[in-house]
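The values are calculated or read from the model by the stated rules, or taken from the named source; none is laboratory data. This one's a predicted model, so the numbers in the text were calculated from it and none came from an experiment. Cβ placement follows ideal geometry from the backbone for every residue including glycine, while neighbour counts extend to all protein chains displayed. Quick note on the areas: whole protein, heavy atoms, side chains included, nothing else; ligands and nucleic acids left out. Shrake-Rupley method; radii C 1.70, N 1.55, O 1.52, S 1.80 Å.
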Amino acid sequence: MQIKINFLGAAQNVTGSRYLLETNNTRILVDCGLYQERRFQSRNWDPLPIPPQTIDAILLTHAHLDHCGLLPKLVREGFRGKVYCTPATSEIAQIILLDSAHLQEEDAEFKKKRHEKEGRRGPYPEIPLYTIEDAKASFPLFSAVNYGCPVRISNDVEAIFYDAGHVLGSAMINVIVNREEEKRTIIFSGDVGQWDRPILQDPNVISKADYIVVESTYGDRIHDDSADINNNFAEIVNSTHQAGGNILIPSFALQRTQEVLYYMNDLLIEDRIPHLMVFLDSPMAIRITEIFKRHSELFDREMMERIHHSKSPFDFPGLKMVQTVDESKSINHIVGTVMVIAGSGMCTGGRIKHHLVNNISRRESTVLFVGYQAIGTLGRRIVDGAKRVRILGQYYPVRARIAQVHGFSAHADKDQLIKWLSGLTVAPEHVFITHGEAKTASHFAEYFKEKTGWRASVPSYREEAILK
Ligand SMILES: [Zn+2]
């Protein structure tokens, strides 16, 4: 029996994770991610090499859009199998897919109007990639699987999910193909987290596999672990409080927001900052934080200790969850220092924009970045030192303090990836290095081969590999 993998995404780039695994009897997709880099977005419209209704199941590693964001499109095109993932991923992915569908609809409408006005046609159809209805149609297919519990996908394929320590519910997936002669195991790393991060458990280390498909987002870098997040946070909060301004933190709704709350809570407990009001001003981040609260079984020991002592970072004095737009706007009338955590993480949309309008020209306020800012985003222009920026159609001079706290990465660096791979006690047949820029992935492939002497390669888009 033959086993084949087709690399349909995250092959020499970092988004669009999607791998088609075929045996004589079964077809599964591991991840079904959206391409987010502008130069690859047209691939979101490419038809699959096989009809979607012939796929038996989809296995999701985690709820980030670049791993699950194309699922509604596949369902619209006829996929009717089950979508296996952990319970937390199932809950978070549904929130993220609805938000994505909403943005897809808005975007298509906006493009249509602009093209009509300019009397031209764009390179892609002016219809949403999928709609809110399509996203909702995918929800009944979700089937939750706990870590460590084998699940039968078909008569010859089983899978086991392990904690990847990347975001809540994230998994690495061991796919086991039962052949007459022998079993074959293929491990898909998903995104590998870092060791010793707040809230989550460390990534699981796997000791045996025939094949590995491993990410390489930071495969050419060593994280600077001297970045002292607590001290940096304390300094920024205290000096902004002294100046009498506000602290704005643009933040991603999943994981980063909860980590910011974790550090704030610690500083308050240690009495290192004044007891100011902290507004979580993002309905999506609030819903995801509620999912964190329901899944304390996924927390690490330090986090459990805080919960047992009634010191949960998701429920401390001064923390306010802001649901409505009116409540959000009323924050601007508060005198004295407050902290506002709002989306989007790169200031491309969401409620952070109106807080920026009210604060970016105030010398006493601080805009604090805790995440990567992609080229072309408002967040990037601000961290790059723009003197004035356009927000909601108007220009504003940048006078606020612009600060960054580093050290928040949710991805393993190259030595941590090696540490994870070194958990294997026997050399695998082959290691496929994916989910990294072409240069980064090749660098990591060379580094890995040098360190271990094992076989590895960097597959290209739509490359097919036959497994022995
Ligand atoms: Zn991820």
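Counting pairs of alpha carbon atoms under 8 Å apart in space and at least six apart in sequence, what relative contact order in percent does the chain give? Mind showing how you got there, number by number?
Numbers: 1000 pairs, mean separation 87.8, N = 468.
Worked out over the chain, it gives 19 percent.
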Task: Spatial separation of Cα centroids for segment 133-194 and segment 101-125, in angstrom - done: 36
Open item on the list: Accessible area per residue for the chain in Å², computed with a 1.4 Å probe and the full protein assembly in place, what is it?
Closed with: 43
TODO: In whole angstrom, note down how far apart the Cα centers of segment 271-292 and segment 394-412 are.
DONE: 18
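Determine one quarter of the surface area of the Cα convex hull of segment 293-338, which equals its mean projected area, and express it in nm² to one decimal. Walk me through the intermediate numbers first.
Values: hull surface 18.4 nm².
Mean projected area for segment 293-338: 4.6 nm², to one decimal.
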Open item on the list: For q values of 0.13 Å⁻¹, compute log₁₀ I(q)/I(0) with the Debye formula on a Cα-only model of the chain, without solvent.
Closed with: -1.26
TODO: State the dimensionless ratio Rg/Rh of segment 1-73 (Rg: radius of gyration of Cα atoms; Rh: Kirkwood radius).
DONE: 0.96
Task: Nearest-ten-degree value, helix 256-269 long axis tilted from longest Cα axis of the chain - done: 50
Task: Cα gyration tensor category, rounded, prolate or oblate, for segment 299-403 with a/c compared to 1.5 - done: prolate
TODO: Would you mind calculating the relative contact order of segment 342-400 from Cα pairs under 8 angstrom and at least 6 residues apart, reporting the percent as a whole number?
DONE: 38
TODO: Using 0.36 nm per residue of separation minus the Cα-Cα distance, give me the extension gain between I466 and E290 in nm, one decimal.
DONE: 59.0 nm
TODO: Could you look at the chain and say what percent of its accessible area is carbon and sulfur, using a 1.4 Å probe and all protein chains?
DONE: 48
Open item on the list: Considering the Cα positions of segment 363-402, please state its Rg to one decimal place and its Dmax as a whole number of Å.
Closed with: 10.1, 27
Open item on the list: As an exercise, take the mean of 1/r over every pair of distinct alpha carbons in segment 147-186, invert it, and state the Kirkwood radius in angstroms.
Closed with: 10.8
Task: Convex hull of Cα atoms in segment 232-366, direction-averaged projection (nm²) - done: 7.9
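Over 25 Å, how big is the tail of the calculated P(r) for segment 147-260, in percent of all Cα pairs?
Numbers: 2751 of 6441 pairs.
Percent of Cα pairs beyond 25 Å in segment 147-260: 43.
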Task: Helix axis angle, 283-294 relative to the chain longest principal axis, alpha carbon, degrees - done: 60
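Going through segment 181-217, which trypsin sites (Lys or Arg not before Pro) have at most 16 other Cβ atoms within 10 Å and a DSSP loop state? Numbers along the way, then the final one.
Working: sites: K183, R184, K208; in loops: K208.
Here the sparse-neighbourhood loop sites are K208.
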Task: Stokes-Einstein D in µm²/s, Kirkwood radius over Cα pairs - segment 36-138 at 37 °C with 0.692 mPa s viscosity - done: 224
